[in-house]
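Participant: Pasting a structure here, questions to come.
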Amino acid sequence: MSTIKLTGILLILFMQVALSQSAGDAIRIRQNEIGFGARNLAMGGNGVASAMDYSAIYWNPAGLASLKNTQITGEISYLNFSNSATFNSSFSEMDNSFTRFRNIGIALPFPTSRGSLVIAFGYNHVKDFDDYLYFSGFNQISNGLEFKLTDEFGVDQWYPFDRNVTQTEEVISSGGLHQWSAGGAIAVSPTLDLGATVNLWSGSEEYNRDFFQEDAEDYYSVYPADFTSYSVSDHLNTDFKATNLKLGGMLKLNRITRLGLTMEFPTTFTVTENYASSDELVFDDGYVDAIEYEPGTWDYKVRTPYRFDTGIGFFLENVNLTAGATFQDWKQTRFEKPDRADDADYRYLFDENRNIQQNYRE
């Protein structure tokens with residue numbers, strides 16, 4: 001076979017993915033945040049009214065004031081889930097599991113002549129990026145894949161390899177966001193507790209995508225487009241860093257009723273992405289055209305909006321009842337002006353800010 005020139009269309013596509021963050025990439029940083037604390041999660045994630053142990057450092061720092069004794073706590077979580085996908089009438093089912101060290105912390109009450117003073121600090125894993133998707137099947141619909149090849153006469157031409165192929169794709173995402181937290185609370189009156197938490201955020205997400213398509217029925221058999229298979233592997237590792245402040249209050253309406261309120265200030269995340277990609281095109285005669293693309297790094301900043309939580313709890317002898325509400329104006333999420341704002345690669349981020357305003361709401 002004569003030498004084949006394969007254009008780097010995959011590189012272009014992947015660079016667009018890696019360097020073209022969308023509104024959804026900004027929103028998802030704080031979307032579906034879980035928190036921690038088995039009791040509070042079992043109560044529907046309404047710890048703003050019910051957290052009166054170390055976990056209050058996350059849910060409502062004012063709840064720390066209820067502690068009378070030193071508390072040391074730790075948790076491990078186990079997530080097992082299954083996904084199913086139907087691809088052109090081909091059904092695929094898959095499952096995966098993730099084990100996480102959820103938190104470890106200590107809360108220390110200090111002696112006071114009246115009221116209370118409690119400080120706490122620890123490590124808390126509050127959001128998961130764990131996900132898994134797999135599908136496989138025969139595809140008769142075009143996926144737009146084509147390659148520019150030079151034939152034996154030196155003529156360049158685009159040849160499609162886009163349909164009537166068996167395709168398999170696996171996407172695995174893992175990681176999460178965690179906080180190193182320091183908090184404290186005081187009882188300013190018999191009925192009112194106030195607290196604050198400072199969080200140092202960090203975290204990472206590892207994303208891997210493997211795609212493979214094969215000419216299982218020998219549909220592509222004419223030289224030079226006598227394709228056998230095509231595979232691509234994408235890898236993206238994302239790191240997150242931020243600092244923020246959360247204030248909380250707990251009002252004891254009577255012996256069994258508590259009203260909680262928290263305000264979390266806007267948080268600016270510095271996001272750094274390291275990406276790499278490779279692909280391999282195989283022909284019927286065994287010729288392999290493989291490319292390992294140069295790894296790269298891309299960084300940007302995302303500012304998430306204020307968050308307000310309120311909740312009420314009724315704590316009876318044998319039954320606890322809570323109700324809560326959260327307000328967060330997602331359309332105030334922003335890609336912030338980076339240090340290299342004059343770089344053309346960053347200019348489109350400001351267009352995405354308009355998309356956030358148009359497509360998201362409080």
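So that you can scan it fast, the table gives a plain yes or no per residue for (1) among the β-branched types (Val, Ile, Thr); (2) over 21 Å from the mean Cα position of the chain (by Cα); (3) crowded, with 16+ Cβ neighbours inside 10 Å; (4) not in a helix (DSSP H, G or I):
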position	(1), (2), (3), (4)
250	no, yes, yes, yes
255	no, yes, no, yes
258	no, yes, yes, yes
337	no, yes, no, yes
352	no, no, yes, no
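Participant: Could you check the stretch 124-138 and list, in sequence order, the residues that are farther than 24 Å from residue 31 by Cβ, touching an Asp or Glu at 6+ places or on another chain (Cβ under 9 Å) and not hydrophobic (A, V, I, L, M, F, W, C)?
Facilitator: Hit for the stretch 124-138 is 136, nothing else.
Participant: A further question on this structure: Looking for whichever is closer than 27 Å to residue 34 by Cβ, at pLDDT 80 or above and loosely packed, with under 14 Cβ neighbours inside 10 Å here; the options are 86, 99. Which one fits?
Facilitator: Being closer than 27 Å to residue 34 by Cβ, at pLDDT 80 or above and loosely packed, with under 14 Cβ neighbours inside 10 Å holds for just one of 86, 99, which is 99.
Participant: Same structure again: Name the residue, out of 280, 317, 294, 273, that is in a strand (DSSP E or B), open to solvent by 50 Å² or more (accessible area, probe 1.4 Å) and over 27 Å from residue 197 (Cβ atoms).
Facilitator: That would be 280, the only listed residue that is in a strand (DSSP E or B), open to solvent by 50 Å² or more (accessible area, probe 1.4 Å) and over 27 Å from residue 197 (Cβ atoms).
Participant: I'd like to check something: does the stretch 174-182 contain any residue that is small (Gly, Ala, Ser), over 18 Å from the mean Cα position of the chain (by Cα), in a strand (DSSP E or B) and within 30 Å of residue 114 (Cβ to Cβ)?
Facilitator: Scanning the stretch 174-182 turns up at least one residue that is small (Gly, Ala, Ser), over 18 Å from the mean Cα position of the chain (by Cα), in a strand (DSSP E or B) and within 30 Å of residue 114 (Cβ to Cβ).
Participant: Let me ask something additional. Based on what the data block shows, is residue 154 more than 19 Å from residue 286 (Cα to Cα) and surrounded by 14 or more Cβ atoms within 10 Å (Cβ to Cβ)?
Facilitator: So residue 154 fails the test.
Participant: Considering (1) open to solvent by 20 Å² or more (accessible area, probe 1.4 Å); (2) over 29 Å from residue 91 (Cβ atoms); (3) not aliphatic (A, V, I, L, M), say which one residue 160 fails and leave the rest.
Facilitator: In the conditions (1) open to solvent by 20 Å² or more (accessible area, probe 1.4 Å); (2) over 29 Å from residue 91 (Cβ atoms); (3) not aliphatic (A, V, I, L, M), residue 160 misses (2) alone.
Participant: Here's something else I'd like to know. Go through the stretch 308-336 and give me each residue that's among the basic types (Lys, Arg) and out of contact with any strand residue (DSSP E or B) (no Cβ under 8 Å at 6 or more places or on another chain).
Facilitator: Residue satisfying the conditions is 331 alone.
Participant: Condition first: assigned to a strand (DSSP E or B), out of contact with any Cys (no Cβ under 9 Å at 6 or more places or on another chain), touching a residue at least 12 places away in the same chain (Cβ under 8 Å) and exposed (fewer than 15 other Cβ atoms within 10 Å of the Cβ). Can you find one or more residues in the stretch 219-234 that meet it?
Facilitator: No; the residues of the stretch 219-234 include none that is assigned to a strand (DSSP E or B), out of contact with any Cys (no Cβ under 9 Å at 6 or more places or on another chain), touching a residue at least 12 places away in the same chain (Cβ under 8 Å) and exposed (fewer than 15 other Cβ atoms within 10 Å of the Cβ).
Participant: Would you call residue 57 modelled with pLDDT of 95 or more and either touching an Asp or Glu at 6+ places or on another chain (Cβ under 6 Å) or surrounded by fewer than 17 Cβ atoms within 10 Å (Cβ to Cβ) (or both)?
Facilitator: no
Participant: So the check is Cβ under 9 Å with 6+ separation or different chains; which pairs have a first residue in the stretch 136-147 that's more than 13 Å from residue 87 (Cα to Cα) and a second one that's of a type in the set (Gly, Ala, Ser)?
Facilitator: Within 9 Å, the pairs are 147/225.
Participant: Let me ask something else about it. Counting only residues that are more than 31 Å from the chain's Cα centre (by Cα) and at pLDDT 95 or above, which one in the stretch 195-217 is surrounded by the most Cβ atoms within 10 Å (Cβ to Cβ)?
Facilitator: By that ranking, first place goes to 215.
Participant: Criterion first (at pLDDT below 95, in a strand (DSSP E or B), among the aliphatic types (A, V, I, L, M) and open to solvent by less than 70 Å² (accessible area, probe 1.4 Å)) does residue 356 satisfy it?
Facilitator: no
Participant: Name the residues in the stretch 235-248 that are of a type in the set (Ser, Thr, Tyr) and either within 27 Å of residue 311 (Cα to Cα) or open to solvent by 40 Å² or more (accessible area, probe 1.4 Å) (or both), would you?
Facilitator: Passing the criteria: only 243.
Participant: Can you name the residue in the stretch 320-329 that is in a strand (DSSP E or B) and surrounded by fewer than 19 Cβ atoms within 10 Å (Cβ to Cβ) and, of all such residues, is nearest to the chain's Cα centre (by Cα)?
Facilitator: 328
The values are calculated or read from the model by the stated rules, or taken from the named source; none is laboratory data. These figures come from a predicted structure and were not determined experimentally. No Cβ is skipped: glycine too gets one built from the backbone with ideal geometry, and neighbour counts run over all protein chains shown. Each accessible area value is taken on the protein alone, full model and side chains, heavy atoms only, with ligands, DNA and RNA left out. Shrake-Rupley method; radii C 1.70, N 1.55, O 1.52, S 1.80 Å.
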